[in-house]
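Trainee: What follows is a structure written as structure tokens; I'll ask about it next.
The values are calculated or read from the model by the stated rules, or taken from the named source; none is laboratory data. Because the structure is predicted, anything quoted here is derived from the model rather than measured. Please note: Cβ atoms are built from the backbone with ideal geometry, for glycine as well, and neighbour counts cover all protein chains shown. Accessible surface areas use protein heavy atoms only, side chains included; no ligands, DNA or RNA. Shrake-Rupley method; radii C 1.70, N 1.55, O 1.52, S 1.80 Å.
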Amino acid sequence: REAAARAARSAASLRSPIVCIMGHVDTGKTKLLDKIRQTNVQEGEAGGITQQIGATFFAKETLKDKVAVLAQEAGLEVRLPGMLVIDTPGHESFTNLRSRGSSLCDIAILVIDLMHGLEPQTIESLNLLRSKRTPFVVALNKIDRCYGWKATADGSSRLSLQGQDGATREEFETRAARVRMELNERGLNAELYWKNEDPASTVSLVPTSAITGEGIPDLLLWITRLTQERLTEQIMFMPDLLECTVLEVKAVEGLGMTIDTIIVNGALRENDRIVVCTLDGPVVTSIRAVLTPPPSRELRIKSEYIHHKEIYGAMGVKICAQGIERAIAGTPIMVIGKDDNEDDIKEEVMKDFTNVMKMDLDT
Ligand code: GDP
């Protein structure tokens, strides 16, 4: 499998984009994530989805399946090797986490309740996204609550809308127009995604229902498009440039001390010598194991982590190593290459660390 992954990697020049979800409480963030994550056990595709560390990874094939109802019509060729969806909704600190000065989050989904429009935390999220210059799409959620809604489970919301009765469609149009106006009042142009001719300056609204699953193909398709067509520079895969950020230090029975990380870019290998930022200064250690949780289907059964000889960004990964107890969340991990000077790398890591602290003070 690793050989296949390597082959796929060298053929593609893009890494998987990192997607996070934000929005006001009760807009349906958790439910939407659940629905997006849902494995289609019937078709036995569970292998394509892996529950990661605080994130879910969709392999390319799974992503293609999920957008299939629309992709052909849209003439979309999926060029991403996958998509890493961060599943800590409302985790503002995640959006705040930065790697080498840029946000870990490549693109955000801002969830707005179609019935409620903009709410206080929606506005907070908007401000945060703008200040970090993070591109985002709006999921206009709970469309199934429009009166008389006829659902097509897991279908395209654009197509579903076409099939609604006049009055239902009218209710949707009225409510969507209100959200558009509220965004306009905040200085943002917004348009339903299929009418959006200028995604660079206009926010796309994607109607969704986390209950019926409608709009999830539209959402994933649109994000795939935006990232692979417009963020290519940002998500260019760099095999030799490790970008990896510490999320959390955890003791795990049988594994000892571990750190949960997000590899944004580059590769990490078993036995790599790394520098980790700790409260006691930089620590040089070797990676004893690179782990991901098992595919989600097996999660209910208490099963072992999967060991990797080598893993590529973007990915959520658990690392086992000695001397990492006091690692600091939000700091980078760097690999010491065979031509590298250990002290230089240490210095570089600590410089990044100081920047992280400075940035925290700034925001
Ligand atoms: P969060 O606080 O943003 O994570 O919101 P939740 O995912 O917990 O959802 C809040 C409530 O809204 C729950 O009762 C959900 O069942 C409900 N809900 C979420 N999405 C939808 C939707 O698309 N349609 C309807 N009718 N209800 C929804």
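Trainee: Modelled label-to-label distance, Arg230 and Asn341, 7 Å Cα→beta-carbon offset: nm?
Mentor: 4.4 nm
Trainee: How many times 2.2 N^0.38 Å is the alpha carbon radius of gyration of the range 109-230? Walk me through the intermediate numbers first.
Mentor: Details: Rg = 13.8 Å, N = 122, 2.2 N^0.38 = 13.7 Å.
Ratio of Rg to 2.2 N^0.38 Å for the range 109-230: 1.01.
Trainee: Take the Cα of Val284, step 7 Å along the line toward its Cβ, and report every residue of the range 243-271 whose backbone nitrogen sits under 17 Å from that point.
Mentor: Residues 271 fall inside that zone.
Trainee: Working from the pairwise distances between different alpha carbons, so that the mean of 1/r is found and then inverted, what is the range 192-348's Kirkwood radius in Å?
Mentor: 18.0 Å
Trainee: OK, next. In 10 Å bins starting at zero, report the fraction of Cα pairs in the range 159-270 per bin as a rounded %.
Mentor: 11, 27, 24, 20, 13, 4, 0
Trainee: What is the distance, in nm, between label points placed 7 Å from the Cα along the Cα-to-Cβ direction at Val25 and at Glu170?
Mentor: About 3.7 nm separates the two model spin labels.
Trainee: Using the structure shown, list the pairs from Lys64/Lys351; Lys35/Lys195; Lys29/Lys60 with a Cα-Cα distance above 29 Å, or answer none.
Mentor: Lys64/Lys351
Trainee: Can you list the residues, at least 5 places off or on another chain, whose amide H is less than 5 Å from the amide H of Cys146, using H built in the peptide plane?
Mentor: It is none; the list stays empty.
Trainee: Related question: How many nm separate the modelled label positions at Glu73 and Glu248, each set 7 Å beyond the Cα in the direction of the Cβ?
Mentor: Computed distance between label sites Glu73 and Glu248 equals 4.0 nm.
Trainee: Same structure, new question: Set the Förster distance to 22 Å, then compute FRET efficiency between Arg269 and Gln322 from the Cβ-Cβ distance, nearest 0.05.
Mentor: E between Arg269 and Gln322, to the nearest 0.05, is 0.85.
Trainee: At a 1.4 Å probe radius, carbon and sulfur cover how many percent of the accessible area of the range 190-239? Intermediate results must be reported in sequence, preceding the final value.
Mentor: Details: 910 of 1830 Å².
So the carbon and sulfur contribution to the accessible surface is 50 percent.
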